[in-house]
Amino acid sequence: MNRFVAAERALRGAAPHALLDAARRVLTDQYAAASVELLMADYGRTILQPVSAPPDRPEPVPVHNSPAGRAFGAQEPYVETVHGGRARAHLPVTVRGDRLGVLSVTLPDGEHVRDCLDELADVAEVLGHELIVATRDTDVYLRAMRKDRLTLAAEMQWQLLPGRACARPEYELGAQLEPAYAVFGDNFDWSATADHLMLYVTNGMGEGIEASLLTNLAINALRNARRAGIPIADQAALADQAVYAHYRGRCYLSVLLLDFDLATGHARVVDAGSPQMLRLRGGTVERVTLDAQLPLGMFEETDYVAQEFQVEPGDRLVFVSDGVHTVASPGGETYGDSALTRAITATRLLPAAEVPRAVLRELSGHRGGSEALDDALVVCLDWHGR
């Protein structure tokens, strides 16, 4: 049995809460590792938090300006020399584009690292897949992802999400919610088959638990209709009925629903409210104007009609909630299209998974450091096509 197969078997056979212990044992035995640490990205994507339990837990490290953060941001292994001539390899832990964290492995010297770096990167990938499965049965890794306590509404919203990034040959997706530890209504969802990508961008109404409950009802109604194989306009109609039946028009939800044909780039879209879409094509940013229809749950038995548009290879679509578009500066200036255009242009060289966080940093600067009055959502879709 070669050493990578031994590592893979050890991780697949480990108890959900003991993945790090299993990784330490097998990497020590098979690769002569002196130390092994797993760092998880926090909800705000600002720090990488060690999974180790106190008192042995190292300090968190920043995503920016740290060796581990460099591997996380670039999504490439990064090797640094540490005391005693040893070398530490920082390896991105990522599953189909969803960035979970970094596996840091200290080895005897740089030559040893060069001999096994590709294998260690493969071990980190296997670990990522096992982490996704393990979170069904343990809270160890979810606890490691939080530097502060989540509000209950935020806990509900994060658990509702499919992930924060996704990559396939035809597209790359990235998304982020802010304030990460107190978000309550905004949300996103996606699902792909061999031929289609469906994407929902949701701008929640209200605050706190009530906003989270409303979004949970609407998203699950949309998923229920989607999983029944129903077209996107009918998905909106059925979710509209579910929300209206419960709230009788007192509460409603804005959502943008999109269905992309992966082979052709042909898209069908239902614009049921306020989430907005901008497109970067050939260096030019422009708003994609859609026929606005009623939010879900505003009136009984609303009919929805899907529009059509085309995406081309190289297109970048950026979706924002009104918690981005309507934010005011200390002087009262709305963020609006011009600031969004500048932010999208400034981040054009970043991968899709990095764009939402970068745009939200720009938004925080525009707000002048004042506390956010509404939650904010940014979703970025890079279209490659077939």
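Observations, loosely collected:
- Here the Gaussian network model covers the chain, with springs between Cα atoms less than 10 Å apart; of A228, A41, A23, A228 fluctuates the most.
- Computed extension gain for R136 through A328, at 0.36 nm per residue and net of the alpha carbon distance, reaches 65.1 nm.
- Where N is the number of residues in the chain, Cα Rg divided by 2.2 N^0.38 Å: 1.04
- Helix-only [θ]222 nm of the chain, DSSP H runs n ≥ 4, -39500 (n - 2.57) each, per residue, nearest 500: -11000 deg cm²/dmol
- Residues in the chain average 44 Å² of solvent-accessible surface per residue, probe 1.4 Å, ligands and nucleic acids excluded.
- Rounded, prolate or oblate (a/c below 1.5 giving rounded, otherwise prolate when a/b exceeds b/c) for segment 203-349 by Cα gyration tensor: oblate
- Lys/Arg +1, Asp/Glu -1 at C-beta; the chain dipole; positive extreme among V288, L199, Y304: L199
- The distance linking segment 6-59 with segment 141-201 is 24 Å (Cα centroid to Cα centroid, whole angstrom).
- Were the residues from R3 through R96 laid out at 0.36 nm apart, the gain over their Cα-Cα distance would be 31.1 nm.
- The chain - percent of accessible surface contributed by carbon and sulfur, probe 1.4 Å: 49
- Among D137, D374, D21, residue whose mean-square fluctuation peaks in a GNM of the chain (springs only between Cα atoms under 10 Å): D137
- Summing charges over neighbours of D139, with a neighbour being any other residue whose Cβ is under 14 Å away from its Cβ, gives +2 when K and R count +1 and D and E count -1.
- Charge tally in the Cβ shell below 9 Å around D42, where Lys, Arg are +1 and Asp, Glu are -1, D42 excluded: +2
- Gaussian network model of the chain, springs between alpha carbon atoms under 10 Å - residue of D29, D98, D189 with greatest fluctuation: D29
- Net charge contributed by nearby residues that have their C-beta within less than 11 Å of W158 (K/R +1, D/E -1): +1
- Per-residue packing, averaged as other Cβ atoms within 10 Å, sorts the ranges 297-306, 239-248 into the order 239-248, 297-306, beginning with the highest.
The values are calculated or read from the model by the stated rules, or taken from the named source; none is laboratory data. What you see is a predicted model, and the numbers here were worked out from it, not measured in a lab. Virtual Cβ from ideal backbone geometry, glycine too; neighbours counted across all protein chains shown. These area figures cover heavy atoms from the full protein model, side chains too; ligands, DNA and RNA do not enter into them. Shrake-Rupley method; radii C 1.70, N 1.55, O 1.52, S 1.80 Å.
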